[in-house]
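Below is one structure, written out as structure tokens; comments come after it.
The values are calculated or read from the model by the stated rules, or taken from the named source; none is laboratory data. Predicted model, so just to flag it, every value in this text is computed and none were measured. No Cβ is skipped: glycine too gets one built from the backbone with ideal geometry, and neighbour counts run over all protein chains shown. Areas reflect the complete protein model, heavy atoms only, side chains present, ligands, DNA and RNA absent. Shrake-Rupley method; radii C 1.70, N 1.55, O 1.52, S 1.80 Å.
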Amino acid sequence: QVHLLESGGGLAQPGGSLRLTCIASGSIVGIPAMGWYRQAPGKQREMVALFTSLGITNYADSVKGRFTISRVNGTTVTLQMNSLKSVDTAVYFCTAAARTALGWNDYWGQGIQVTVSS
């Protein structure tokens, strides 16, 4: 089984910054495509940023120019969040498409809280 561990969340002031990190572990055969989603209270989960296996990045319109997704290595992805706004408050989930001996599947982290408030 593949496990995703998120870290780096917490409280930030409006206009401040946070960096989220996700590390994949387990019996991984392939190199996973990784990304970040978020879910605010009362809202649907939405894509924030994706880093594909081809090195192509994709961002939600609401975070373009403020957030940057980076692939540190084959199992680690980060999300640098700058110029944070109160509307960025949500639980952020790391996701990965990974191959194991059993085949390909999508995996999700437990989620980490990000709160932007003055």
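Quick rundown of the values:
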quantity: Size of charge dipole - the chain - debye, nearest 20, with Cβ of Lys, Arg +1 and Asp, Glu -1, no other charges; calculated: 140 debye
quantity: Convex hull per residue volume in Å³, alpha carbons only, for the chain; calculated: 91 Å³
quantity: Cα-based equivalent ellipsoid of the range 71-118: semi-axis lengths in Å, sorted from largest, via gyration tensor; calculated: 29, 13, 6
quantity: Listed residue (P14, N58, P41) projecting farthest to the positive dipole end of the chain, Cβ model; calculated: P14
quantity: Kirkwood estimate for the range 1-69, i.e. one over the average of 1/r between Cα atoms, Å; calculated: 13.9 Å
quantity: V72-S86 pseudo-label distance in nm [points 7 Å out on the Cα-to-Cβ vector]; calculated: 3.2 nm
quantity: Burial ranking of peptide ranges 91-102, 43-54, 19-30 (average Cβ count within 10 Å, highest at the top); calculated: 91-102, 19-30, 43-54
quantity: Heavy-atom accessible area per residue - the chain, 1.4 Å, Å²; calculated: 54 Å²
